[in-house]
Amino acid sequence: MVSSAVRITDLPLEVLEHVLLVLDPLDVAYAAQVCRLFRSLVYAADDERFWRILYLAEPFDDPREAVTYLGSRRHGINWREELQRIMRARTVVNNVTVCRPHERCQVLRTLLDMVTNIPPLPFPECEPTSRNVLWMQTLLQDGAFLDQESESDEERQLRARLHTWFGLTNRDGLAAKRVDSRAYVYSQRNYGPWNSFGPYLRDGSGLVNWEHMQKLAHVFALTLVEKEQEEEAAFEICSLSLTFCQAIIPHGLDLDRESDWAGVEGLWRISYSFMDHRELLIYNDLNLPVDEPLDHTIFEDGELQETFTSVDIFFRVINVEQDPDHPTRPKINYVGELDGNFSIVGYVKLTPDNQIRWHFVAGNGDQAVWSGEAIAMGNVRSRYGVLGAWSTTLHDSQDPIGPFWMQCQYPIEE
């Protein structure tokens, strides 16, 4: 007697489902095309149990434990849609030739969602734990995808934002890239009343210019790495990197009800750098017509030295003002003082595109001399800090400019 062949579809449905759940999500999609039974197992379920299990089997954070960029809990997770978007983004990063024109911005938004929706840490001393961050660092480390040419202003801004958050890649050490970033950061042409002398778009909208932010991050991170190497500091990771992007929200703290939602109050270290003022004036040749490019030679010989220094200042919140556009994130006004003489007065508020903007003026006594415009890096209250550009309050064409970075050393929690 000849027995009939046993087919995989003869197995119990529970076993078939288990087999599918141990596959890579892309293989699950291929399997669903084999027959109606597999397709029904993958796509026909009324609930998302199958997709939730499939998602959680991947090296990602559990989105139910995540908070948004501004610290609010996530709701309404679509497990299937989110996993499909992530898998498509992974495919495109690994092989950009398969990217369809209409997908380019969506892929970048997906990757940004992966690092702006992650679980918070309860204390600043906690070791980073985000699995999304580890996955992203492995995926993008060589920098090839971040260096792809963009085809629209939106794509350019999204790619620059992702690169800014990610930090230094293997390609960012190239001399030509550093020349390009320094030339941008130290050009007086990139600062004016149209962008509040900071990293904002030139149209006066107040929206963040992520291309400007990426140049600032590149210049300052390389300066920071060189400083740490000079001091033989035992840092394996640059402090300006995606590793430190997790929000820090103590258990029980509801940022929707917290007046100091940005974590302003505490001891902050302000680090800033600048190039020799004579070289800055030579580079920003005032006799050169504005339609002619500046001469980058000063950055190309490898001899340019940037001065780096830091000061610690305690910030104290003095009051908050309601922001009608952001009811749960009011404007925070703060002051800081150093040695009883040097003082800072500033505010923190959300930009029209919901980024955390820091502004300050500083000087001796009541005379404000310096000003700063910056954007919080990483998620709200993260150890990533605040990055931006400093200048003078007069904003004269011959005044100094440069990048600065602030990092909270000891936050004050109620």
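Summary of values
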quantity	calculated
Separation between Cα centres of segment 258-278 and segment 352-414, rounded to whole Å	5 Å
Pairwise label distance in nanometres, Thr393 with Asn284, each label 7 Å out on the Cα-Cβ vector	1.9 nm
Number of Lys pairs (Cα under 29 Å; 8 or more positions apart or on different chains) in the chain	6
Heavy-atom accessible surface of the chain: percent carbon and sulfur, 1.4 Å	51 percent
4 °C / 1.567 mPa s Stokes-Einstein diffusion coefficient of the chain, Kirkwood radius on C-alpha pairs, µm²/s	55 µm²/s
Summed residue charge, Cβ within 11 Å of Val335's Cβ, Lys/Arg positive, Asp/Glu negative	-1
Relative contact order of segment 98-195, pairs being alpha-carbon contacts under 8 Å that are 6 or more residues apart, as %	27 percent
Net charge over other residues, Cβ less than 13 angstrom from the Cβ of Gln407 (K, R count +1; D, E count -1)	+2
Summed side-chain charge close to Arg104 - residues other than Arg104 whose Cβ falls under 13 Å, Lys, Arg +1, Asp, Glu -1	-1
Å² per residue, accessible surface of segment 66-127 at 1.4 Å	48 Å²
Share of alpha-carbon pairs per 5 Å distance bin for segment 313-390, given as whole %	3, 15, 22, 26, 19, 10, 4, 0
Mean separation of Cα contacts under 8 Å, 6 or more apart, over the residue count of the chain: relative contact order %	15 percent
For segment 1-84, diffusion coefficient by Stokes-Einstein and Kirkwood Rh (Cα), 25 °C, 0.890 mPa s, µm²/s	167 µm²/s
Per residue solvent-accessible surface (Å²) - segment 277-409, probe of 1.4 Å	49 Å²
For the chain, calculated [θ]222 nm from helices alone, where every DSSP H run of n ≥ 4 adds -39500 (n - 2.57)	-9500 deg cm²/dmol
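The values are calculated or read from the model by the stated rules, or taken from the named source; none is laboratory data. As the structure is a computational prediction, the values presented were derived from the model and not from experiment. Cβ atoms come from the backbone with ideal geometry, glycine included; neighbour counts cover every protein chain shown. Side chains are part of the model used for accessible areas, which takes the heavy atoms of the whole protein and leaves out ligands, DNA and RNA. Shrake-Rupley method; radii C 1.70, N 1.55, O 1.52, S 1.80 Å.
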